[in-house]
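Notes follow once the structure below has been shown.
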Amino acid sequence: MQFKTALLSLLAAVASAAPSGKSCPAPVRKFGIMALRSASDIHFARVSATQSHMVLHLEEGKADAQCEDGSSGEDGAIFYIKNEELFLYGKDTKQQFFVDRSGMGLGVMQYFNSTGGPIGGRLELKGWAIDENDKLTFNGHDLIACPNSVLNGWSVWVYVGSDKPAGQEGCLGFSARAVTVTDPVKCDYSIYTY
Ligand SMILES: *[C@@H]1O[C@H](CO)[C@@H](O)[C@H](O)[C@H]1NC(C)=O
């Protein structure tokens, strides 16, 4: 009897806690990324996406995204986070980032055409967050950029402790600042072909 009473009051509590209005979920924030590293070549550099990579200081004329307004993503890439996973704001294809923090990957990060299926062992999807100062991190890690002639800019990695990830020279760690884009344009970004 006592149990039944407890159960009934529990059910009543659940019912009263249930949302009553028809409120829509808040739209997911779309943002660009700006690098902050004072007194350096990459301070205020914006993040582009090309050839499966985040790139700072992408050379003029090298943006190669296919955007719904006909542009190529030359103003930088647009991102969103869902369930701690980082996506590009896409048109036809769902493109998202994986990170490899292992001794093999050393913080390498790339986007790929996602089918939503599982992804291989060392590769992580979850852990992206933006704090109250608009700083973007991956599982608490900052990012680092290294000059990369193949990518025509500075390729961005997750900083996992080495200033020379995979032996790269001239890298600079930076704080990634998320900047809200109020009128985002959907783009499909190029995938690196080996
Ligand atoms: C990934 O998606 C892009 C954009 O739709 C497409 O151009 C490209 O061919 C796809 N690449 C692969 C490897 O599936």
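The values are calculated or read from the model by the stated rules, or taken from the named source; none is laboratory data. Note that the coordinates shown come from a computational prediction; the quantities given were computed from them, not determined experimentally. Cβ coordinates were reconstructed from backbone atoms using ideal geometry, including for glycine residues, and neighbour counts include every protein chain displayed. Accessible surface areas use protein heavy atoms only, side chains included; no ligands, DNA or RNA. Shrake-Rupley method; radii C 1.70, N 1.55, O 1.52, S 1.80 Å.
With the condition kept exactly as written, say whether any residue in region 77-89 is of a type outside the set (A, V, I, L, M) and within 27 Å of Gly170 (Cα to Cα). Spell out the reasoning first.
Step one: list which residues in region 77-89 are of a type outside the set (A, V, I, L, M), which gives 79-80, 82-85, 87, 89.
Next, from what is left, pick out any that are within 27 Å of Gly170 (Cα to Cα): 79.
Looking through region 77-89, at least one residue is of a type outside the set (A, V, I, L, M) and within 27 Å of Gly170 (Cα to Cα).
Looking at (1) assigned to a strand (DSSP E or B); (2) surrounded by fewer than 19 Cβ atoms within 10 Å (Cβ to Cβ), which is the only condition Ser48 fails?
(2)
Just need a number here: residues in region 63-88 that are under 10 Å from the mean Cα position of the chain (by Cα) and either within 11 Å of the ligand (Cβ to nearest atom) or among the hydroxyl-bearing types (Ser, Thr, Tyr) (or both).
2
Quick one: how many residues across region 93-112 are within 14 Å of the ligand (Cβ to nearest atom), crowded, with 19+ Cβ neighbours inside 10 Å and outside any strand (DSSP E or B)?
Of the residues in region 93-112, 0 are within 14 Å of the ligand (Cβ to nearest atom), crowded, with 19+ Cβ neighbours inside 10 Å and outside any strand (DSSP E or B).
Looking for whichever is touching a Lys or Arg at 6+ places or on another chain (Cβ under 6 Å), of a type outside the set (A, V, I, L, M, F, W, C) and within 27 Å of Glu59 (Cα to Cα) here; the options are Asp142, Asp100. Which one fits? Write out each step before concluding.
Numbers: Asp142 fails: touching a Lys or Arg at 6+ places or on another chain (Cβ under 6 Å).
Residue meeting the stated conditions: Asp100.
Tell me which strands (runs of 3 or more DSSP E) are completely within region 119-191 and hold 2 or more residues being open to solvent by less than 30 Å² (accessible area, probe 1.4 Å) and of a type outside the set (Phe, Trp, Tyr), or say none if there are none.
Details: elements: 128-130, 135-138, 143-148, 153-158, 172-180.
Once the strands (runs of 3 or more DSSP E) in region 119-191 are filtered for at least 2 residues that are open to solvent by less than 30 Å² (accessible area, probe 1.4 Å) and of a type outside the set (Phe, Trp, Tyr), what remains is 135-138, 143-148, 153-158, 172-180.
Scan region 84-95 and report the pairs whose first residue is farther than 16 Å from Gly32 by Cα and whose second residue is basic (Lys, Arg), with Cβ atoms within less than 8 Å and a gap of 6+ or a chain change.
Glu84/Lys126; Lys91/Lys186
Output the residues belonging to region 51-62 that are open to solvent by 40 Å² or more (accessible area, probe 1.4 Å) and out of contact with any Ser or Thr (no Cβ under 7 Å at 6 or more places or on another chain).
From region 51-62, those open to solvent by 40 Å² or more (accessible area, probe 1.4 Å) are 51, 57, 59-62; that's our starting set.
Matches in region 51-62: His57, Glu59, Glu60, Gly61.
Considering region 142-194 alone, what residues qualify as being more than 18 Å from the chain's Cα centre (by Cα) and within 16 Å of the ligand (Cβ to nearest atom)?
Scanning region 142-194 gives Thr193, Tyr194.
Condition test on Tyr111, is it in contact with a strand residue (DSSP E or B) (Cβ under 6 Å, 6 or more places away or on another chain) and over 14 Å from Ser190 (Cβ atoms)?
On the way: in contact with a strand residue (DSSP E or B) (Cβ under 6 Å, 6 or more places away or on another chain): yes; over 14 Å from Ser190 (Cβ atoms): no.
In short, no.
Restricting attention to region 63-77, which residues are part of a loop (DSSP other than H, G, I, E, B) and crowded, with 16+ Cβ neighbours inside 10 Å? I'd like the intermediate steps shown before the answer.
Within region 63-77, the first condition is being part of a loop (DSSP other than H, G, I, E, B), and the residues that meet it are 63-65, 68-77.
Correct list: Ala63, Asp64, Ala65, Ser72, Gly73, Gly76, Ala77.
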